[in-house]
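A short worksheet on the structure shown next.
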Amino acid sequence: MYRHLLVALDDSPLGDATVTRSVEFARSAGARITFFHAAPDLAATGEGALLYTLDQEAFAQEAAGAASAVLVKAAAAAGAAGVSCGTESRTSDQPAQAIVEAAHRHGCDLVFVSAHGRAPGLRGWLRHSVTQHLLQLADLPVLVSAVESNDACAPAARALGIVAGEHRAIAAVLQGLQHLVRAARLPGQQLDVGLAAEMVRYLREFPGTQHHPKEETVLFRLLRQRTHELDHVLLELERQHGQEQRRVQALADALSRYDSSEAASLEAVGDAVQQLAGTVWEHMGMEEALVFPATRRYLSEGDWSEVAQAFTTHDDPLRELQPGLPLERLFRHVAAALLRKDMAGVAPAAASATHA
């Protein structure tokens, strides 16, 4: 049985689905995971070269941003499932070769990937040609868990991959808040209030104004039209949506009262974080264990097209607060900051980190 998986990810909805499949596989096998993301050299593109010329710090943040977001979300999914994992990102224009080298570097005994196939217009570097090249290069087993263009459930997988990816983003920010509180409890340390406030803003704006409402008005509505089997579950989930936002507000209030000279104020923040995290873990677990399987059984292909369209057309809820800062850029900023903090004391050569 395999003990250590190298899971290759891109930043497409299929990458989110690959995270879910690989975590389930690793949990059933009792294996650990190293999530790996290889990105092309941003400086080699015209836009990247211009950004480097104009602002080298912004270039560095943008170059690391996509990988940070992908890997932090993946680590959050593994952590929620109790699967030990590590993460690594590399800059490479030969992703298949980079995957093989990473598998050997981490002592993995199986490479776990998904392939987009030949479907046109799909973003992400892990396309059919890369997977095919990987199969030719690899000198250890490769498991292609799905080929999207051959998957009869591809519309459902894509749509649920998007929803699950947003769950991972929310979970990652919550884990980051827990990390900030733990770090602040160390001797001589203080809570990074600015970063914590940025995370709280993300949790207020994104789940509260985009993710939860679209779940209710699109995904839940369509499921109710097809079956009454889960009516009581959907009512409970809608109640939990309101409860989550009240707990986000309670956390914001605790942060506003934080005083670094008073230990009690840090404990109040910590309690608010834990209460919010517990509510969100329970909520997302219920959705993924009960609602996701039911939607696969009952929703039609047309329904899935509506779900996918709804979750790929988010308006920017932060535009009025900070013009020009899309949600994805905000998450990448938070994710990059989390990785930098989490790598304290870890060799930064390959931007890798380990999460137990």
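The combined condition, being in contact with an Asp or Glu (Cβ under 6 Å, 6 or more places away or on another chain) and over 29 Å from ALA164 (Cβ atoms), is not fulfilled by SER260.
When the range 238-254 is filtered for residues that are surrounded by fewer than 14 Cβ atoms within 10 Å (Cβ to Cβ) and either among the basic types (Lys, Arg) or touching a residue at least 40 places away in the same chain (Cβ under 8 Å) (or both), the ones remaining, listed by number, are ARG239, ARG246. Answer with yes or no whether ARG224 is of a type in the set (D, E, K, R), open to solvent by 10 Å² or more (accessible area, probe 1.4 Å), farther than 30 Å from HIS179 by Cβ and modelled with pLDDT of 95 or more. Criteria met by ARG224. Within the range 1-20, residues that are more than 23 Å from LEU160 (Cα to Cα) reach partners that are basic (Lys, Arg) and at pLDDT 85 or above with beta carbons closer than 6 Å, at six or more positions or on different chains, in the pairs HIS4/ARG32. Looking at LEU235, is it more than 19 Å from ALA172 (Cβ to Cβ), surrounded by fewer than 18 Cβ atoms within 10 Å (Cβ to Cβ) and either modelled with pLDDT of 95 or more or in contact with a strand residue (DSSP E or B) (Cβ under 8 Å, 6 or more places away or on another chain) (or both)? Taking the combined requirement at face value, the residue satisfies it. On the basis of being touching a Lys or Arg at 6+ places or on another chain (Cβ under 7 Å), open to solvent by less than 40 Å² (accessible area, probe 1.4 Å), closer than 30 Å to PRO187 by Cα and touching a residue at least 24 places away in the same chain (Cβ under 8 Å), does VAL269 make the cut? Judged against the criteria, VAL269 is not a match.
Residue under question is ARG226, and the condition is that it be among the basic types (Lys, Arg), touching a residue at least 24 places away in the same chain (Cβ under 8 Å) and closer than 23 Å to ALA172 by Cβ; does it hold?
Numbers: among the basic types (Lys, Arg): yes; touching a residue at least 24 places away in the same chain (Cβ under 8 Å): yes; closer than 23 Å to ALA172 by Cβ: no.
No; evaluated as a whole, the condition is false for this residue.
With respect to being modelled with pLDDT of 60 or more and farther than 22 Å from GLU215 by Cα, GLU282 falls outside the description. Selection of the range 130-144 for residues being at pLDDT below 80 and either assigned to a loop (DSSP other than H, G, I, E, B) or buried (at least 16 other Cβ atoms within 10 Å of the Cβ) (or both) yields VAL130, THR131.
The values are calculated or read from the model by the stated rules, or taken from the named source; none is laboratory data. The structure presented is a predicted model; accordingly, all values stated were derived computationally and were not measured. All Cβ positions, glycine included, derive from the backbone under ideal geometry; neighbour counts span all protein chains shown. All accessible areas refer to the heavy atoms of the entire protein, side chains included, with ligands and DNA or RNA removed. Shrake-Rupley method; radii C 1.70, N 1.55, O 1.52, S 1.80 Å.
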